[in-house]
Amino acid sequence: MNSIATQLIHSIPTDPLTGAVSVPIYQTSTFVQEAPGVNKGYDYSRSGNPTRAALESLIATIEKGAAGAAFASGLSAIDAVLKLLETGDEILAVDDIYGGAFRIFTQVYQKFGIKVRYVDTTIAENVLNAITPKTKLIWLETPTNPTLKVSDIEAIAKIAKSRQCLLCVDNTFASPALQLPLTLGADIVIHSATKYLGGHSDLIAGLVVTREQELGDKIKFIQNASGAILSPFDSWLVIRGIETLHLRVKQHCANAQAVAEFLQSHPAVNKVYYPGLKSHTNHTVAARQAKGFGGVVSFTLKDDTVDAANAFITSTTYFKLAESLGGVKSLLCHPAQMTHKSIPEAIRRASGVADSLIRLSVGLEDAGDLINDLENAFAKIKSRAGKKEQLAEAFV
Ligand SMILES: *Cc1c(COP(=O)(O)O)cnc(C)c1O
């Protein structure tokens, strides 16, 4: 089975007991035992549940790993990976990192003596130069949020291996429909399944997949010991989302490419961030390591002010103002006031999150309608700017 479309659909088992085509939701806390320790493979749903197990084996198959584990959120998946570390260990992380990952690194794990250093991983040599004997984990997101930076997974995996570090890739933005980090040498993949895998903005979930079984066993131990498991119902929802992942992601990519090209040609736009544009710094790396460029597009305005961004984000109809991404409905957000609000202004700007930066999660509506929606919002902010000028002139 080498086509991802077929694999996504046929790695989901039919129920051996009843033949049910949809994986049954085993909504149970415990399982009857014939004698102590004699059971049908399950004894307690924190340790294992058949619905969750179906999802865990599905994600391991499609990410081409040995073992999968499903968690209550993307952050609890990240948390489980961090628990592989010990006091004194160091993490080397991509500088444009997801805000929640930054928070758990600095505000939870730092006090246990785990140090994190951030580097621009878009240049692989930077990683090599920053590794110390204490570095045990390299943390990549590619593409990143919200500036869509792309890092070369294969090159960084080689560096990690030569220095006996684990490489973990947060594959949330690409999804396994586009990018398979474990086949490029990564040791661990994590997901916020809340985004493209779930795909319908109706759940919070996280996944971990390891290339080797031994590391997977450690993650499974942590999952059971810490207990942040995904519920049977949410496991079922993620399975259901994955059934259409391939189709959805294809359309997300096509729509995002059209939107990015439209933005690039618009006179009110300063810069467009999308790996599918030839102007993107690491376009060739993205084209080599992924089958598509994803559904997230960010851009800045020529009028680089919070005011202008505010006027824009409140002027669209189909793009709804909300955090998150990867669902069927298009969303937009303003990182400076939303996801990156807690980061000091100077640091935020230096990392590329300009005052007017707007992030779009391009959904599955008709691409022409989405472009019209953006066109109308530009027209509205232009007439607003015109009025402001008239006012200013009136006061001269
Ligand atoms: C949303 C997100 C997370 C966190 O996932 P939750 O499901 O919200 O806990 C982690 N990484 C990336 C890249 C994300 O977009």
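Of all the strands (runs of 3 or more DSSP E) wholly in the stretch 265-375, which have at least 2 residues that are over 19 Å from the mean Cα position of the chain (by Cα) and surrounded by fewer than 20 Cβ atoms within 10 Å (Cβ to Cβ)?
269-273
If His266 meets every condition in (1) of a type outside the set (Gly, Ala, Ser); (2) more than 30 Å from Ala379 (Cα to Cα); (3) in contact (Cβ under 8 Å) with a residue 24 or more places away in the chain; (4) assigned by TED's automatic domain parsing to the domain that holds Phe378 apart from one, which number is that one?
Condition (2) is where His266 drops out.
Under 7 Å between Cβ atoms, at least 6 apart or on separate chains: pull out the pairs that start in the stretch 94-121 with a residue that is in the same structural domain as Ala77 (by TED's automatic domain parsing) and on the phi > 0 side of the Ramachandran plot and end on any residue that is away from the ligand (no atom under 15 Å from the Cβ) and of a type in the set (Val, Ile, Thr).
Short answer, once both residue conditions are applied: Gly113/Thr87.
Here is a yes/no grid of residues against (1) over 13 Å from the mean Cα position of the chain (by Cα); (2) modelled with pLDDT under 95; (3) of a type in the set (Phe, Trp, Tyr); (4) over 23 Å from Asp89 (Cβ atoms):
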| site | (1), (2), (3), (4) |
| --- | --- |
| Ile156 | yes, no, no, no |
| Leu178 | no, no, no, yes |
| Leu184 | yes, no, no, yes |
| Ser192 | no, no, no, yes |
| Leu197 | no, no, no, yes |
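Here's a check for you: in the stretch 195-209, which residue that is surrounded by fewer than 24 Cβ atoms within 10 Å (Cβ to Cβ) and within 7 Å of the ligand (Cβ to nearest atom) is nearest to Leu237 (Cα to Cα)?
Ile204
Applying the selection to the stretch 53-67, what residues are touching a helix residue (DSSP H, G or I) at 6+ places or on another chain (Cβ under 7 Å) and within 16 Å of the ligand (Cβ to nearest atom)?
Leu55, Glu63, listed by residue number.
Could you tell me which of the residues Leu84, Leu137, Leu128 is closer than 24 Å to Val285 by Cβ, touching a strand residue (DSSP E or B) at 6+ places or on another chain (Cβ under 8 Å), more than 11 Å from the ligand (Cβ to nearest atom) and in the same structural domain as Lys220 (by TED's automatic domain parsing)?
Leu137
Output yes when any residue across the stretch 341-351 is over 16 Å from Gly295 (Cα atoms), assigned by TED's automatic domain parsing to the domain that holds Ala254, in contact with a helix residue (DSSP H, G or I) (Cβ under 6 Å, 6 or more places away or on another chain) and touching a residue at least 24 places away in the same chain (Cβ under 8 Å), and no when none is.
no
Within the stretch 221-230, can one find any residue that is aromatic (Phe, Trp, Tyr), under 30 Å from Ala66 (Cα atoms), part of a helix (DSSP H, G or I) and over 18 Å from the mean Cα position of the chain (by Cα)?
yes
Condition first: over 20 Å from Ala311 (Cα atoms) and of a type in the set (A, V, I, L, M, F, W, C). Now tell me which residues in the stretch 328-383 satisfy that.
Result: Val328, Ile343, Ala346, Ile347, Ala350, Leu364, Ala367.
The values are calculated or read from the model by the stated rules, or taken from the named source; none is laboratory data. Remember, it's a predicted structure, so these values are computed and weren't measured experimentally. Cβ sites come from the backbone with ideal geometry, for glycine too, and all protein chains shown count toward neighbours.
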